[in-house]
Every structure is written in C-alpha cells, then in structure tokens.
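Worksheet: one structure, shown below.
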C-alpha cells in the first residue's frame, strides 16, 4: 500500500544538513508523514519511520494528539499491520520512531519534551520499558544505542544488537512504584523537561554514554543522571557513525529545540 504524503510549501525551503551540527527549532508550520524508507522521506533532515504523523507550528513539534479519524489512511494501514500497539490504528503515535538523516558518531543530542497524555493501550507492549528515548549510532532498527527516561521513573542506557536488547545501566530518577494499571507513568506530564546525552569513544576504545536531565525537580540547569561505558562484554560495541533520533511509546508528546552536535 502506498503511504500518503503531505507537505506544506514552507518545508520545501528546508536546507539539508551536511555540517556537524543539526539544530531544529521547528519554525514555521508543517506536517511530515511516515514512510517505509528513509529515501522516501520528503524532509531533508528527518525520516519518520513510524508513528503516522509529525506536526509542527510556532516552534513546537509533536506527535498526533488523540485519535485519528476513522478514514485516515494511516488508521487503516495500522489496523491491518499493527492493530495491537496502535489501538486499532487510531493512535499510531504509540510507536513514534523519528530518525535523523544526517549521521553522527561522537556527539551531543538534546531537546525538551512535554508529555500531554499517556495512552493506556491494551497492548502487552505497554509496560515499564516505555518512555522518551534518544537514538545513537543507529545502524538500523536492530542495531543502535538508546538512552532516555522511562515511564517507571528510571533513566536508562541500553544497546540493541541484532534485535536483542542489553541494558547497560539504569538509575531511579522519579519516585514511585510503577504499576501498569494504577500508576502507569512516573514522568511528570504537561510541562517541559530537557533530555541531553553525550556519546563518545573513550581512551579504552569503548563507547561512553552520559545522560542529563533538565527538570526543576532535580535542580537548576542540566543535572547529570548517569554515565556508562560499553566494554562489549555482553555484545559487540557500536563504534561507527550512525543516525540519531527520537523514540516515544504510548503517549501524545510535544518537542522543542532539538540539537545534535558532533564533538570537535
């Protein structure tokens, strides 16, 4: 099935990023539709791998908010391809995967996010591992690093190699005891929180990943939350450049001030 593309004229003037720094303040007004391949994306710097739509206006981007209309092409597509995770196709934003088209290796990535709503899907994949996460050195959907904050209140760094996940480190950040039914999210909602990560090869030749949060509950400015070295003890390290990007799970969320900057 051909996916539907929609592109506002303002986006045609977006310049592809070739330098070591990619900043997107989501100026103007636009809509990006999911495509099956990066080469099919109509945006020069972003590929929406899943999630249906990405919208932006007045300096803020976001997933679809609420349910798609019954006749929407992505509603129908997901009903056939992944009805369980997308609530019968009405909420493709439950599995948002937004990937940069520029590649990075040793770099800092940051943005601010605002969770508008947790979608209490019946999917068995709605669980404590869901959250707001960055991609690092993304080779493909089965080989990359993840880092971010989970709905169980833990900050986490994990690696995915050949489709298998390996947790490198996690630490509690937000208090409470996650429960899928009674307390399905411990991340504060309806306010802006900053997420920043730094990844670089260290003197040992291993990938070193540091995660920061910018949240008044934790102090002023950026607070270092965790740091971990991937020695490759569990699975092969990822030491080549790859794509960056954003993953969110089972939530309606907005984004602001995305930056990815290669180390000098």
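The values are calculated or read from the model by the stated rules, or taken from the named source; none is laboratory data. None of the values given here were measured: they were computed from a predicted structure. Cβ sites come from the backbone with ideal geometry, for glycine too, and all protein chains shown count toward neighbours.
Observations
- Count of the range 49-74 residues, restricted to those that are part of a strand (DSSP E or B) and within 14 Å of residue 246 (Cα to Cα), is 7.
- The residues of the range 76-94 that are under 16 Å from residue 48 (Cα atoms) and either more than 22 Å from the chain's Cα centre (by Cα) or assigned to a helix (DSSP H, G or I) (or both), listed by number, are 77, 78, 92, 93, 94.
- Meets criteria (on the phi < 0 side of the Ramachandran plot and in contact with a helix residue (DSSP H, G or I) (Cβ under 8 Å, 6 or more places away or on another chain)) for residue 121: yes
- Residue 210 vs. criteria closer than 24 Å to residue 65 by Cα and either touching a strand residue (DSSP E or B) at 6+ places or on another chain (Cβ under 7 Å) or assigned to a strand (DSSP E or B) (or both): no
- Looking only at residues of the range 169-180 that are part of a strand (DSSP E or B) and more than 18 Å from the chain's Cα centre (by Cα), we find that the one that is farthest from residue 208 (Cα to Cα) is 179.
- Top-ranked residue in the range 221-248 [being free of Cβ contacts under 8 Å to residues at least 12 places away in the same chain and touching a strand residue (DSSP E or B) at 6+ places or on another chain (Cβ under 9 Å); ranked as surrounded by the most Cβ atoms within 10 Å (Cβ to Cβ)]: 223
- Check on residue 191, touching a residue at least 60 places away in the same chain (Cβ under 8 Å), in a loop (DSSP other than H, G, I, E, B) and out of contact with any strand residue (DSSP E or B) (no Cβ under 7 Å at 6 or more places or on another chain): no
- Among the residues listed as 131, 141, the single one being more than 20 Å from residue 26 (Cβ to Cβ), surrounded by fewer than 17 Cβ atoms within 10 Å (Cβ to Cβ), under 16 Å from the mean Cα position of the chain (by Cα) and modelled with pLDDT of 95 or more: 141
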